[in-house]
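Take a look at the structure set out below.
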Amino acid sequence: MAEVGSISLYIALALSSYGLIGSVLGKMFHSSQLQLSALRTAYLIPVALLISTVSLVIAFLRHDFRLEYVADHSNLAMDPIYTWVAFYSGNEGSLLYIALVLSLLTVITVYFMPKALESIKSYTFGILVGILTFFLAVMTFMANPFDTLPFIPGDGQGINPLLTHPGMFFHPPMLMAGLVGISVPFSIAMGMLITGNISNNWVELGRVWSLIIWAILAIGLLLGSWWAYTILGWGGYWAWDPIENVALMPWLVLTAFIHSIMVQKRRNLFKIWNIVLINIAFTMAFFGIFINRGGPVVSVHSFASSALGWVFLGFLAFSLVFSFGVFYLRRKHLKGTSSLDSMLSREASFLANNILLLAIAFVTLWGVVFPLVSQVFQGTTVTVAAPFYNQVNGPLFFVLIFLMGVGPLIPWRNSSWNSLRKAIQLPGLIAIALIIFLLLMGITKPFAFLSYGLCGFVATGILREWVKGTLSLKDKGHNYASAFIRLVAANRPRYGGYVAHLALVSLALGVIGSSFYGIQKDVILAKGESVTVDKYHVEYIDTKVLIKADRTEFLNYLKVNDGKNRDINMMAWRAYYPEQNMAATRAAIKSTLIEDLYIVSTEALEDGRVAFRILVNPLVWWMWFAGPILVMGTLIALWPQSTVSLSRSDYPI
């Protein structure tokens with residue numbers, strides 16, 4: 001199977017190269033037959049890459065240690081269920097996964113290209129297949145997963161223990177798919193620019209693709225936080241790690257783009273700005289791939305340092321020159337006749353939203369590259385820790401959430417301070433009442449109670465819009481349920497966006513609670529000893545030791561009284577892997593809507609005692625609840641409009 005996989009890889013490279021060259025020459029010489037022939041390769045490349053993927057998976061299942069990649073990332077003791085994780089756990093396999101995903105996205109893009117955009121199809125395909133050719137060339141000649149060893153080892157080195165976690169089945173592939181997926185809206189925008197036939201026909205397609213990729217990245221980031229929370233053992237979920245940061249940055253820019261493209265769709269504004277945004281998003285996405293391919297920034301998530309990082313840096317530089325070069329040559333065609341009517345309007349609030357999102361993205365970028373800058377100019381590597389990001393980005397996020405609450409309440413084109421005052425009056429009163437209530441409850445940290453008040457402001461504003469629209473339709477003869485459904489169906493992008501905003505409010509609740517009011521206690525307990533943390537009485541019962549082929553597992557059993565005379569049995573898992581000389585943990589977590597009790601075993605002492613880290617993390621459950629809400633909002637926003645349309649007088653705009 002290894003030979004089959006390798007041959008399929010070369011076939012995929014040949015097909016993609018032909019697709020790229022054929023698209024370019026077909027356009028240059030106005031040969032529709034050559035363009036069509038090149039486009040047909042889009043349907044063949046995924047087949048070749050799927051054969052390569054299946055071949056590599058079979059090699060893992062058969063423990064084919066002839067393959068260097070299989071020997072480096074698995075062993076005989078590895079549970080077969082983690083074969084999929086091992087597949088993309090290194091540079092070679094992850095590049096194959098990225099290439100497969102990009103080839104599938106290319107097929108979908110070409111097949112579903114609207115008739116109105118037929119003129120840009122070859123250009124869009126040419127850019128996508130050009131990116132794919134780069135990945136395939138790098139993989140074939142520099143990081144081939146089917147390279148063989150001069151000898152066959154008796155066993156492999158094994159998978160990284162930190163990857164043997166349910167979150168790893170989805171977190172890395174979603175982030176990789178999201179990062180490379182930004183190529184699709186980028187290629188559509190570039191294809192439109194290259195033709196010189198500038199119109200808004202691409203806007204809806206660009207919005208749909210961007211929203212899909214945005215949701216994939218968001219869920220991938222959230223799953224990464226869950227993975228860190230449950231396995232890394234420090235009790236947190238986000239440490240501003242460079243690899244997570246480089247996935248967050250394009251997500252922030254895509255968030256700006258999704259808002260801004262709606263302004264172009266409705267008001268024919270921000271044409272130049274939207275091209276700049278999608279170019280920045282694409283550049284940051286490939287910067288993230290560069291950092292993760294063995295780049296110079298150290299991270300628990302990144303692959304080993306290699307020459308691949310610099311190859312990707314070269315491609316990043318080329319794509320930056322290409323995208324902004326095309327933009328510069330076509331800039332005059334992007335100038336519109338419309339302009340902002342007022343700075344007190346929804347489109348102006350979207351622009352402010354964009355600026356804040358970009359500010360957070362570039363602050364994060366500076367934190368990622370600063371160690372490199374300090375090494376070059378000072379000769380020493382100065383790392384940037386979480387306090388920097390929290391102190392700078394924290395206030396920016398605060399203002400951003402405020403705009404998230406105010407923006408939807410402001411009408412398009414123009415407003416007045418009096419109408420704005422009326423719109424925010426109810427949400428403002430609810431926010432003030434919530435702050436007073438929190439102060440009475442002992443929540444006295446200013447940033448905490450102000451942030452909670454702001455969350456109440458945003459949620460009330462959204463609910464007010466829903467209630468207002470539902471009552472408006474009810475007055476026209478619909479019942480409450482029918483009125484609400486018709487309201488959402490009539491403007492799905494808007495109300496889907498509101499649901500996504502509620503997801504961010506839910507996320508904020510968890511972040512604020514756990515950041516400001518979390519409790520932590522490190523203890524060493526012998527069997528039968530106990531400790532009280534907040535309202536919880538924790539007793540260490542016993543440890544069961546299991547000897548496995550590649551590790552020794554320690555199952556630490558505890559009994560917890562929750563302060564209401566209810567006993568809870570919990571187990572904190574820890575394992576030591578001698579071959580990798582590292583330990584892995586699984587925290588024991590009792591989660592409720594109010595708080596998490598989090599217990600992790602950090603060390604087993606020679607005298608039989610065990611070191612535990614015990615935390616009480618308020619409202620963390622709401623962070624994970626944000627995921628399903630966000631998916632729901634995205635689906636609503638993407639769902640095709642109902643064939644039963646309402647007149648503008650039927651619902652509020």
For this session: Just need the relative contact order of segment 155-305 here, percent rounded to a whole number, with Cα pairs under 8 Å and 6+ apart.
Result: 27
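Taking the convex hull of the Cα atoms, report for the chain its projected area averaged over all directions, in nm².
Computing the convex hull of the Cα atoms and averaging its projections yields 33.5 nm².
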For this session: Run the accessible area of segment 27-125 with a 1.4 Å probe and give the carbon-and-sulfur part as a rounded percent.
Result: 64
Problem set entry | Distance between segment 111-153 and segment 27-88 - C-alpha centres, whole angstrom | 11
Problem set entry | Förster-model FRET efficiency, 22 Å R0, ALA481 and TRP639, C-beta, rounded to 0.05 | 0.75
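Please compute the length gained on full extension between MET28 and GLU539, using 0.36 nm multiplied by the number of residues separating them and subtracting their Cα-Cα distance. Walk me through the numbers on the way to the answer.
Details: separation 511, 0.36 × 511 = 183.96 nm, distance 7.57 nm.
Roughly 176.4 nm would be gained on extension.
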Exercise. How much mean residue ellipticity at 222 nm does the chain get from its helices, if each DSSP H run of length 4 or more adds -39500 (n - 2.57) and you divide by all residues, to the nearest 500 deg cm²/dmol?
Worked result: -21000 deg cm²/dmol
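What does the extension gain come out to for MET582 and LYS548, with contour length at 0.36 nm per residue minus their alpha carbon separation?
Numbers: separation 34, 0.36 × 34 = 12.24 nm, distance 1.49 nm.
Length gained, MET582 through LYS548: 10.8 nm.
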For this session: Could you point to the residue in TRP273, ILE519, THR283 farthest towards the positive end of the chain's charge dipole, with +1 and -1 charges on the Cβ of Lys/Arg and Asp/Glu respectively?
Result: TRP273
Exercise. Can you pull the Kirkwood radius for segment 494-545, inverse mean 1/r over Cα pairs, to one decimal in Å?
Worked result: 14.6
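What dipole magnitude, in Debye to the nearest 20, does the chain give about its Cα centre under +1 on Lys/Arg Cβ and -1 on Asp/Glu Cβ?
Numbers: 43 positive and 32 negative charges, 607 e Å.
Dipole about the Cα centre, nearest 20: 2920 debye.
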Exercise. Hey, what did the chain get for relative contact order, percent, Cα under 8 Å, at least 6 apart?
Worked result: 10
For this session: Report the Stokes-Einstein translational diffusion coefficient (µm² s⁻¹, integer) for segment 39-186, Rh taken as the Kirkwood radius over Cα pairs, at 37 °C with viscosity 0.692 mPa s.
Result: 201
Seminar exercise, completed: Checked against a 22 Å limit on the C-alpha separation, the offending pairs among LYS527/LYS548; LYS271/LYS422; LYS559/LYS590; LYS422/LYS445; LYS265/LYS422 are LYS527/LYS548; LYS271/LYS422; LYS422/LYS445; LYS265/LYS422
For this session: Tally up the carbon and sulfur contribution to the accessible surface of segment 156-261 as a whole percent, 1.4 Å probe, everything protein left in place.
Result: 70
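Just the number please: accessible area per residue for the chain, 1.4 Å probe, all protein chains included, in Å². Intermediate results must be reported in sequence, preceding the final value.
Working: 28250 Å² over 653 residues.
Solvent-accessible surface per residue comes out at 43 Å².
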Problem set entry | 5 angstrom amide H check on ARG413, placed H, neighbours 5+ away | ARG346, GLU347
Problem set entry | Gain in span if fully extended, LEU450 to ASN565, counting 0.36 nm per residue against the direct Cα distance | 37.9 nm
Exercise. If you find the alpha carbon centre of segment 513-568 and of segment 489-509, how far apart are they in angstrom?
Worked result: 38
Problem set entry | Ordering of 347-355, 614-622, 152-160 by burial proxy (mean other Cβ atoms within 10 Å per residue, highest first) | 614-622, 347-355, 152-160
Exercise. What part of the accessible area of segment 408-448, given as a whole %, is carbon or sulfur when the probe is 1.4 angstrom?
Worked result: 73
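The values are calculated or read from the model by the stated rules, or taken from the named source; none is laboratory data. On a predicted model such as this, the values are computed, not experimentally measured, just so you know. Don't worry about glycine lacking a Cβ; one is built from the backbone with ideal geometry, like all the others, and counts go over all protein chains shown. Surface accessibility is based on the protein's heavy atoms, side chains included, excluding ligands, DNA and RNA. Shrake-Rupley method; radii C 1.70, N 1.55, O 1.52, S 1.80 Å.
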